[in-house]
1. Considering every residue within region 202-210, establish whether at least one is of a type in the set (A, V, I, L, M) and either at positive phi or open to solvent by 50 Å² or more (accessible area, probe 1.4 Å) (or both).
2. Starting from residues that are part of a strand (DSSP E or B) and within 22 Å of the chain's Cα centre (by Cα), keep the ones in region 276-301 and report whichever is surrounded by the most Cβ atoms within 10 Å (Cβ to Cβ).
3. When residues of region 71-128 are filtered for being under 18 Å from Leu196 (Cβ atoms) and acidic (Asp, Glu), how many remain?
4. Output the residues belonging to region 328-339 that are in a helix (DSSP H, G or I), touching a residue at least 12 places away in the same chain (Cβ under 8 Å) and not polar (S, T, N, Q).
5. When you go through Phe304, Phe264, Phe234 one by one, which is the residue that is under 25 Å from the mean Cα position of the chain (by Cα) and in a loop (DSSP other than H, G, I, E, B)?
6. If I ask for residues that are open to solvent by 20 Å² or more (accessible area, probe 1.4 Å), out of contact with any Gly (no Cβ under 7 Å at 6 or more places or on another chain) and of a type in the set (Asp, Glu), which ones from region 72-111 would you list?
7. So how many residues does region 242-273 have that are within 15 Å of Val217 (Cβ to Cβ), in contact with a helix residue (DSSP H, G or I) (Cβ under 8 Å, 6 or more places away or on another chain) and either β-branched (Val, Ile, Thr) or at pLDDT below 95 (or both)?
8. Just one of the numbered conditions (1) under 30 Å from Tyr167 (Cα atoms); (2) open to solvent by 30 Å² or more (accessible area, probe 1.4 Å) is not true of Thr341; which one?
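The values are calculated or read from the model by the stated rules, or taken from the named source; none is laboratory data. This structure is a prediction, so every number in the text was calculated from the model and none was measured. Here Cβ is always computed from backbone atoms with ideal geometry, including for glycine, and neighbour counts include all displayed protein chains. These accessible areas exclude ligands, DNA and RNA; they are computed on the full protein's heavy atoms, side chains included. Shrake-Rupley method; radii C 1.70, N 1.55, O 1.52, S 1.80 Å.
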Amino acid sequence: MLKELRIFTIFVLILATGYISRASFKYKDNFIFHFLISKYFTNSDNTKGTFNLLENKTFNPFNANTILREGNGILFMETTDRMDPPSLVLCAIESAARVYPDRPVVFFMKGLEDITTEEDEKRAKQQFPTLSSYSNVYLFPLRMDQLFNNTPLKPWFDKVNPKKEIYWIHVSSDACRFAMMWKYGGIYMDTDVISLRRIPQDHFLAAESFIVTSSSVFGLSSHYQLAWQFMENFVENYRGEKWGHQGPGVFTRVVKKLCGMPVFTSTDDVMCANISYFHIQRFYPILHPEWKKYFEVWENLPTFNDSYALHLWNFKNREGISMVPGSNTLVEHLYQKQCPTTYDYILRKEKIHL
């Protein structure tokens, strides 16, 4: 009887030890998982607020925070509810996807429904046949109230009345690009910017003219203090009724404060404080007074060898001029070379309607 009791006791001890070991391993595994998540999917700035990428304290392997966690994304956005963007928007995104095949190209759309799974994103992407074949293109909804959290823009956003704003679409777009850059980092581009070749630097601003700094293309890492300064300047000097005051105006004011207006003595780039300041040729070889040249026939096509991308000045295009297949215009040649899927899609649609 005593022998059987000893055997039973030993058996119970073995079971208890096994249970404790299993529980301990599970705890360690869970601890390691949450440690990695907190390390790689959260970020904070010790001096200017805190931004937690796990805003709902739940880990979603397929959302913008996850896709853009490396800080190397190419960022586009649509601040209207429009879900049928013109071909220039599709060309801009496709050209970026081709030039940066190793980087996520993300299109934030205000009119897009919430996306919580990969299947949601795939269904959304099917609405844009010219983009669906690019595995590095992602679509996510643009939620301004969430985007502006923990930034200087949130009090402004809570107070402003969009219905009373003359240029609300543009002003909200200006605000979003600053918050996106603060939150995600990467390279921001307007949807009328066609990429030609890789931008060799991740931290840069660019000249739009000799006296204005561009708001259409810029690159910074996440939580870079310059982005915070842009947001502060946006709010402190807010004049939404003045065209460009909240976009190029913010960039220009901050640049002047940092280093005075940079002066170019050649086509070389210069430095502003500790950041590269690109020459006008990098994105604006055709200045805005001559924007129609993109829609004209050229006897000799320009090479744009000094440019990384081209801004087509869509805000000037109030007549709604678009790329026409067979027109032999400069913009047609750009479509054919930089966004061939978009070009072929337009060509097929025209043949169907003939």
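1. Looking through region 202-210, none of the residues is of a type in the set (A, V, I, L, M) and either at positive phi or open to solvent by 50 Å² or more (accessible area, probe 1.4 Å) (or both).
2. Filtering region 276-301 for residues that are part of a strand (DSSP E or B) and within 22 Å of the chain's Cα centre (by Cα), the one surrounded by the most Cβ atoms within 10 Å (Cβ to Cβ) comes out as Phe278.
3. Residues in region 71-128 being under 18 Å from Leu196 (Cβ atoms) and acidic (Asp, Glu): 2 in total.
4. Answer for region 328-339, where residues must be in a helix (DSSP H, G or I), touching a residue at least 12 places away in the same chain (Cβ under 8 Å) and not polar (S, T, N, Q): Leu330, Val331, His333, Leu334, Tyr335.
5. The conditions single out Phe304.
6. Asp84, Asp102
7. Final tally of qualifying residues: 1.
8. The single condition Thr341 does not satisfy is (1).
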